[in-house]
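The values are calculated or read from the model by the stated rules, or taken from the named source; none is laboratory data. Just so it is clear, the model here is predicted, and its values are computed rather than measured. Every residue, glycine among them, receives a Cβ derived from its backbone with ideal geometry; neighbour counts consider all protein chains shown. Note: areas computed on protein heavy atoms with side chains; ligands, DNA, RNA excluded. Shrake-Rupley method; radii C 1.70, N 1.55, O 1.52, S 1.80 Å.
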Amino acid sequence: MKLRIGARLFEGPGPFLMGIVNATPDSFSDGGRFLDPAAAVDQASRHADEGADLVDVGGESTRPGAPPVPADEEIRRVVPIVERLRARGFPLPISVDTSKGAVARAALAAGADLVNDVSGLADPDLGRAVAEARVPVVLMHTRGTPADMQARAVYADVMGEVVAELREVLARAARAGIDLGAVVLDPGLGFAKTAEQSVELLARIGELRALGRPLLVGPSRKSFIGKLTGAPVTDRVPGTIAAVVACVLAGVELLRVHDVAPCRQAALVAAALRDARPLPSPAPRGG
Ligand code: HH2
(Lines give C-alpha, C1' and ligand atoms only; values in the text may rest on other atoms or scores of the structure.)
Protein backbone atom coordinates (compact mmCIF):
# COMPACT_ATOMS: atom_id res chain seq x y z
CA MET A 1 0.00 0.00 0.00
CA LYS A 2 0.99 3.63 -0.40
CA LEU A 3 -1.29 5.99 1.48
CA ARG A 4 -0.67 9.29 3.23
CA ILE A 5 -2.64 9.50 6.47
CA GLY A 6 -2.12 12.87 8.13
CA ALA A 7 1.59 13.53 8.40
CA ARG A 8 2.62 9.90 7.83
CA LEU A 9 3.14 7.89 4.69
CA PHE A 10 2.00 4.27 5.08
CA GLU A 11 4.02 2.41 2.51
CA GLY A 12 4.55 -1.29 1.89
CA PRO A 13 2.76 -4.34 3.26
CA GLY A 14 2.83 -3.33 6.93
CA PRO A 15 1.57 -4.60 9.27
CA PHE A 16 0.28 -1.31 10.63
CA LEU A 17 -1.56 -1.32 13.94
CA MET A 18 -4.59 0.87 14.66
CA GLY A 19 -5.15 1.24 18.42
CA ILE A 20 -8.79 1.48 19.51
CA VAL A 21 -10.08 4.32 21.71
CA ASN A 22 -13.77 3.80 22.49
CA ALA A 23 -15.29 6.92 24.06
CA THR A 24 -18.58 5.14 24.70
CA PRO A 25 -20.51 3.97 27.76
CA ASP A 26 -21.44 0.67 26.10
CA SER A 27 -18.75 -0.77 23.77
CA PHE A 28 -18.76 -4.54 23.91
CA SER A 29 -15.36 -5.02 25.56
CA ASP A 30 -14.37 -1.73 27.19
CA GLY A 31 -17.56 0.36 27.41
CA GLY A 32 -17.37 3.17 29.98
CA ARG A 33 -13.60 3.03 30.51
CA PHE A 34 -12.64 5.86 28.16
CA LEU A 35 -15.75 8.06 28.10
CA ASP A 36 -13.88 10.72 30.07
CA PRO A 37 -11.68 12.59 27.54
CA ALA A 38 -8.67 12.49 29.89
CA ALA A 39 -8.89 8.69 30.12
CA ALA A 40 -9.31 8.45 26.34
CA VAL A 41 -6.24 10.63 25.76
CA ASP A 42 -4.25 8.43 28.17
CA GLN A 43 -5.38 5.35 26.27
CA ALA A 44 -4.30 6.88 22.93
CA SER A 45 -0.91 7.74 24.46
CA ARG A 46 -0.55 4.18 25.76
CA HIS A 47 -1.24 2.88 22.24
CA ALA A 48 1.46 5.21 20.87
CA ASP A 49 3.94 4.07 23.53
CA GLU A 50 3.21 0.43 22.66
CA GLY A 51 3.98 1.00 18.98
CA ALA A 52 0.63 1.73 17.34
CA ASP A 53 0.80 3.36 13.92
CA LEU A 54 -2.47 5.28 14.29
CA VAL A 55 -5.42 5.49 16.69
CA ASP A 56 -9.14 5.18 16.04
CA VAL A 57 -11.44 7.31 18.21
CA GLY A 58 -15.11 6.33 18.30
CA GLY A 59 -18.17 7.66 20.15
CA GLU A 60 -20.81 5.11 19.16
CA SER A 61 -20.86 1.42 19.95
CA THR A 62 -21.62 -0.77 16.95
CA ARG A 63 -22.08 -4.02 18.87
CA PRO A 64 -25.13 -6.02 17.79
CA GLY A 65 -28.27 -4.37 19.13
CA ALA A 66 -26.53 -1.14 20.19
CA PRO A 67 -28.89 1.89 20.20
CA PRO A 68 -28.03 4.69 17.77
CA VAL A 69 -26.32 7.76 19.26
CA PRO A 70 -27.48 11.21 18.04
CA ALA A 71 -24.81 13.10 16.08
CA ASP A 72 -24.52 15.91 18.63
CA GLU A 73 -23.86 13.42 21.45
CA GLU A 74 -21.27 11.56 19.34
CA ILE A 75 -19.57 14.89 18.56
CA ARG A 76 -19.54 15.74 22.30
CA ARG A 77 -17.76 12.45 22.99
CA VAL A 78 -15.23 12.46 20.14
CA VAL A 79 -14.23 16.05 19.35
CA PRO A 80 -12.73 16.96 22.76
CA ILE A 81 -10.48 13.90 22.51
CA VAL A 82 -9.23 14.81 19.03
CA GLU A 83 -8.71 18.42 20.14
CA ARG A 84 -6.75 17.42 23.24
CA LEU A 85 -4.57 14.97 21.31
CA ARG A 86 -3.77 17.60 18.70
CA ALA A 87 -3.16 20.31 21.33
CA ARG A 88 -0.56 18.17 23.04
CA GLY A 89 1.25 17.23 19.83
CA PHE A 90 0.10 13.62 19.62
CA PRO A 91 2.53 11.99 17.16
CA LEU A 92 0.22 9.57 15.31
CA PRO A 93 -2.52 10.00 12.72
CA ILE A 94 -6.00 10.07 14.26
CA SER A 95 -8.91 8.18 12.72
CA VAL A 96 -12.52 8.92 13.64
CA ASP A 97 -14.80 5.88 13.83
CA THR A 98 -18.18 7.19 12.70
CA SER A 99 -20.91 6.58 10.15
CA LYS A 100 -22.29 10.10 10.28
CA GLY A 101 -21.24 12.94 8.00
CA ALA A 102 -21.78 15.55 10.71
CA VAL A 103 -19.47 13.73 13.14
CA ALA A 104 -16.83 13.18 10.46
CA ARG A 105 -16.89 16.90 9.57
CA ALA A 106 -16.55 17.96 13.22
CA ALA A 107 -13.73 15.51 13.92
CA LEU A 108 -11.85 16.45 10.73
CA ALA A 109 -12.18 20.13 11.65
CA ALA A 110 -10.70 19.28 15.08
CA GLY A 111 -7.70 17.60 13.45
CA ALA A 112 -8.62 14.00 12.60
CA ASP A 113 -6.82 12.56 9.56
CA LEU A 114 -8.95 9.62 8.44
CA VAL A 115 -12.58 8.50 8.60
CA ASN A 116 -13.42 4.90 9.54
CA ASP A 117 -16.98 4.19 8.43
CA VAL A 118 -18.39 0.82 9.51
CA SER A 119 -21.55 1.42 7.45
CA GLY A 120 -19.76 1.54 4.06
CA LEU A 121 -21.19 4.98 3.17
CA ALA A 122 -24.77 4.55 4.34
CA ASP A 123 -24.86 8.32 4.99
CA PRO A 124 -24.28 10.16 1.69
CA ASP A 125 -23.15 13.21 3.66
CA LEU A 126 -20.18 11.21 5.01
CA GLY A 127 -19.10 10.56 1.42
CA ARG A 128 -19.34 14.28 0.66
CA ALA A 129 -17.39 15.16 3.82
CA VAL A 130 -14.57 12.75 2.92
CA ALA A 131 -14.46 13.92 -0.72
CA GLU A 132 -14.36 17.59 0.27
CA ALA A 133 -11.69 17.12 2.93
CA ARG A 134 -9.64 14.81 0.63
CA VAL A 135 -8.82 12.49 3.50
CA PRO A 136 -8.41 8.72 3.36
CA VAL A 137 -11.33 6.55 4.42
CA VAL A 138 -11.87 2.99 5.66
CA LEU A 139 -15.05 1.54 4.21
CA MET A 140 -16.33 -1.60 5.92
CA HIS A 141 -18.76 -4.27 4.79
CA THR A 142 -21.95 -4.68 6.78
CA ARG A 143 -25.65 -5.02 6.17
CA GLY A 144 -28.36 -2.92 7.80
CA THR A 145 -27.66 -1.30 11.17
CA PRO A 146 -26.34 -2.69 14.47
CA ALA A 147 -30.01 -3.13 15.46
CA ASP A 148 -30.83 -5.57 12.64
CA MET A 149 -27.49 -6.70 11.18
CA GLN A 150 -27.37 -10.14 12.80
CA ALA A 151 -30.75 -11.02 11.25
CA ARG A 152 -29.19 -10.20 7.86
CA ALA A 153 -26.26 -12.61 8.23
CA VAL A 154 -27.61 -14.92 5.53
CA TYR A 155 -25.26 -15.82 2.68
CA ALA A 156 -25.03 -18.58 0.08
CA ASP A 157 -21.33 -17.72 -0.35
CA VAL A 158 -20.10 -15.33 2.31
CA MET A 159 -16.78 -14.40 0.64
CA GLY A 160 -18.32 -13.99 -2.82
CA GLU A 161 -21.12 -11.77 -1.48
CA VAL A 162 -18.81 -9.66 0.71
CA VAL A 163 -16.53 -9.06 -2.30
CA ALA A 164 -19.49 -8.14 -4.52
CA GLU A 165 -20.95 -5.81 -1.88
CA LEU A 166 -17.55 -4.16 -1.28
CA ARG A 167 -17.38 -3.49 -5.05
CA GLU A 168 -20.75 -1.71 -4.68
CA VAL A 169 -19.29 0.31 -1.78
CA LEU A 170 -16.37 1.33 -4.02
CA ALA A 171 -18.82 2.41 -6.74
CA ARG A 172 -20.73 4.47 -4.14
CA ALA A 173 -17.46 6.08 -3.06
CA ALA A 174 -16.61 6.99 -6.66
CA ARG A 175 -20.06 8.54 -7.15
CA ALA A 176 -19.51 10.61 -3.99
CA GLY A 177 -16.33 12.02 -5.54
CA ILE A 178 -13.94 10.12 -3.25
CA ASP A 179 -10.52 9.32 -4.73
CA LEU A 180 -10.52 5.51 -4.77
CA GLY A 181 -6.76 5.64 -4.25
CA ALA A 182 -7.51 6.82 -0.70
CA VAL A 183 -9.91 3.98 0.18
CA VAL A 184 -9.09 1.09 2.52
CA LEU A 185 -11.54 -1.84 2.59
CA ASP A 186 -12.60 -4.02 5.53
CA PRO A 187 -14.71 -7.22 5.49
CA GLY A 188 -16.38 -6.32 8.81
CA LEU A 189 -15.82 -9.35 11.05
CA GLY A 190 -18.87 -9.78 13.28
CA PHE A 191 -20.94 -7.23 11.35
CA ALA A 192 -23.90 -9.04 9.76
CA LYS A 193 -21.80 -12.20 10.14
CA THR A 194 -22.21 -15.24 12.34
CA ALA A 195 -19.14 -16.58 14.10
CA GLU A 196 -18.83 -19.28 11.42
CA GLN A 197 -19.01 -16.69 8.64
CA SER A 198 -16.36 -14.52 10.33
CA VAL A 199 -14.08 -17.57 10.57
CA GLU A 200 -14.62 -18.42 6.90
CA LEU A 201 -13.77 -14.82 5.91
CA LEU A 202 -10.61 -14.95 8.02
CA ALA A 203 -9.57 -18.28 6.54
CA ARG A 204 -9.95 -16.84 3.02
CA ILE A 205 -8.96 -13.25 3.84
CA GLY A 206 -6.30 -13.08 1.10
CA GLU A 207 -9.04 -13.32 -1.53
CA LEU A 208 -10.04 -9.75 -0.68
CA ARG A 209 -6.80 -8.56 -2.24
CA ALA A 210 -8.53 -9.01 -5.60
CA LEU A 211 -10.37 -5.76 -4.77
CA GLY A 212 -7.09 -3.94 -5.39
CA ARG A 213 -7.21 -1.80 -2.24
CA PRO A 214 -5.32 -1.97 1.05
CA LEU A 215 -7.16 -4.03 3.68
CA LEU A 216 -7.97 -3.39 7.32
CA VAL A 217 -9.32 -6.16 9.57
CA GLY A 218 -10.75 -5.84 13.08
CA PRO A 219 -10.75 -9.21 14.87
CA SER A 220 -9.97 -7.79 18.30
CA ARG A 221 -11.73 -9.56 21.21
CA LYS A 222 -14.71 -10.33 18.97
CA SER A 223 -17.44 -12.85 19.71
CA PHE A 224 -16.25 -15.42 17.15
CA ILE A 225 -13.23 -15.90 19.45
CA GLY A 226 -15.54 -16.45 22.40
CA LYS A 227 -17.65 -18.86 20.37
CA LEU A 228 -14.59 -20.90 19.34
CA THR A 229 -12.92 -20.98 22.75
CA GLY A 230 -15.43 -20.12 25.47
CA ALA A 231 -13.15 -17.25 26.54
CA PRO A 232 -14.94 -14.23 28.05
CA VAL A 233 -14.45 -10.84 26.40
CA THR A 234 -11.90 -9.91 29.09
CA ASP A 235 -9.64 -12.80 28.05
CA ARG A 236 -9.46 -12.89 24.25
CA VAL A 237 -5.97 -11.57 23.53
CA PRO A 238 -4.57 -15.00 22.56
CA GLY A 239 -7.42 -15.62 20.12
CA THR A 240 -7.02 -12.10 18.74
CA ILE A 241 -3.33 -12.81 18.14
CA ALA A 242 -4.16 -15.96 16.16
CA ALA A 243 -6.45 -13.93 13.91
CA VAL A 244 -3.85 -11.14 13.54
CA VAL A 245 -1.22 -13.68 12.46
CA ALA A 246 -3.57 -15.19 9.88
CA CYS A 247 -4.27 -11.73 8.47
CA VAL A 248 -0.63 -10.69 8.25
CA LEU A 249 0.39 -13.95 6.57
CA ALA A 250 -2.34 -13.36 3.97
CA GLY A 251 -1.13 -9.81 3.21
CA VAL A 252 -3.57 -7.67 5.23
CA GLU A 253 -1.89 -4.31 5.84
CA LEU A 254 -3.84 -2.80 8.76
CA LEU A 255 -5.12 -4.39 11.98
CA ARG A 256 -7.54 -2.64 14.35
CA VAL A 257 -6.85 -3.85 17.91
CA HIS A 258 -7.45 -3.02 21.57
CA ASP A 259 -4.21 -4.66 22.83
CA VAL A 260 -1.44 -3.05 20.82
CA ALA A 261 1.70 -4.44 22.50
CA PRO A 262 0.94 -8.18 22.23
CA CYS A 263 -0.67 -7.83 18.80
CA ARG A 264 2.28 -5.82 17.48
CA GLN A 265 4.75 -8.47 18.64
CA ALA A 266 2.72 -11.21 16.97
CA ALA A 267 2.21 -9.16 13.81
CA LEU A 268 5.94 -8.45 13.44
CA VAL A 269 6.84 -12.13 13.75
CA ALA A 270 4.11 -13.03 11.26
CA ALA A 271 5.44 -10.36 8.88
CA ALA A 272 8.95 -11.84 9.09
CA LEU A 273 7.51 -15.25 8.22
CA ARG A 274 5.50 -13.70 5.38
CA ASP A 275 8.61 -12.04 3.97
CA ALA A 276 11.12 -14.86 4.48
CA ARG A 277 12.45 -16.28 1.27
CA PRO A 278 12.08 -20.06 1.21
CA LEU A 279 15.51 -21.66 1.65
CA PRO A 280 16.82 -23.38 -1.48
CA SER A 281 16.32 -27.11 -1.24
CA PRO A 282 19.53 -28.94 -0.24
CA ALA A 283 21.68 -30.18 -3.10
CA PRO A 284 21.28 -33.92 -3.70
CA ARG A 285 24.02 -35.92 -1.97
CA GLY A 286 26.56 -38.00 -3.77
CA GLY A 287 26.97 -38.22 -7.58
N1 HH2 B 1 -15.16 -3.17 14.68
C2 HH2 B 1 -15.72 -2.40 15.64
C3 HH2 B 1 -15.78 -1.01 15.51
N4 HH2 B 1 -15.25 -0.40 14.43
N5 HH2 B 1 -14.13 -0.51 12.35
C6 HH2 B 1 -13.58 -1.24 11.38
N7 HH2 B 1 -13.06 -0.65 10.29
N8 HH2 B 1 -13.51 -2.62 11.44
C9 HH2 B 1 -14.02 -3.31 12.51
O10 HH2 B 1 -13.97 -4.56 12.51
C11 HH2 B 1 -14.63 -2.55 13.58
C12 HH2 B 1 -14.67 -1.13 13.45
C13 HH2 B 1 -16.28 -3.06 16.88
O14 HH2 B 1 -15.31 -3.10 17.90
P15 HH2 B 1 -15.25 -2.07 19.13
O16 HH2 B 1 -14.97 -0.69 18.66
O17 HH2 B 1 -14.29 -2.56 20.15
O18 HH2 B 1 -16.66 -2.18 19.80
P19 HH2 B 1 -17.94 -1.25 19.81
O20 HH2 B 1 -18.45 -1.15 18.41
O21 HH2 B 1 -18.89 -1.97 20.74
O22 HH2 B 1 -17.54 0.11 20.32
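Compute the distance from the alpha-carbon center of segment 238-279 to that of segment 117-189, in whole Å.
Measuring centre to centre over Cα atoms gives 24 Å.
Once phi is turned into θ = phi - 60°, what whole-Hz ³J(HN,Hα) does the Karplus curve with 6.51, -1.76 and 1.60 give for every residue of segment 65-71, x standing for Gly and Pro?
Listing the rounded values in order: x, 5, x, x, 10, x, 4 Hz.
Just to confirm, what accessible area per residue do you get for segment 148-287 at 1.4 Å probe, in whole Å²?
Accessible surface, normalised per residue, equals 48 Å².
Residue 35 to residue 88: extension gain in nm, 0.36 nm per residue of separation minus the Cα-Cα distance?
Here the answer is 17.2 nm.
Do the sum for the chain: with -39,500 (n - 2.57) for every DSSP H run of n ≥ 4, divided by all residues, what is the mean residue ellipticity at 222 nm, to the nearest 500 deg cm²/dmol?
Value at 222 nm, helices only, nearest 500: -12500 deg cm²/dmol.
Under 1.5 on a/c is rounded, so check that first for segment 9-94, then, if it is not, pick prolate when a/b is larger than b/c and oblate when it is not; a ≥ b ≥ c are the square roots of the alpha carbon gyration tensor eigenvalues.
Because a/c hits 1.5 or more and a/b exceeds b/c, segment 9-94 counts as prolate.
Name the residue farthest towards the positive end of the dipole of segment 125-188 from the options 173, 129, 184, assuming +1 on Cβ of Lys and Arg, -1 on Cβ of Asp and Glu, about the Cα centre.
129
At a 1.4 Å probe, what is the % contribution of carbon and sulfur to the accessible area of segment 1-147?
It is 51 percent, rounded to a whole number.
Each residue of segment 9-15 in order: what ³J(HN,Hα) in whole Hz does its phi give by Karplus 6.51 cos²θ - 1.76 cosθ + 1.60, θ = phi - 60°, with x for Gly and Pro?
9, 9, 10, x, x, x, x
Bin by bin, in steps of 10 Å, what percent of the Cα pairs in the chain do you find, going until the bin that has the longest distance?
The calculated distribution, bin by bin, is 7, 30, 38, 19, 3, 2, 1, 0.
Would you work out the relative contact order for the chain, in percent, from Cα pairs under 8 angstrom that are 6 or more residues apart?
In percent, rounded to a whole number, it is 18.
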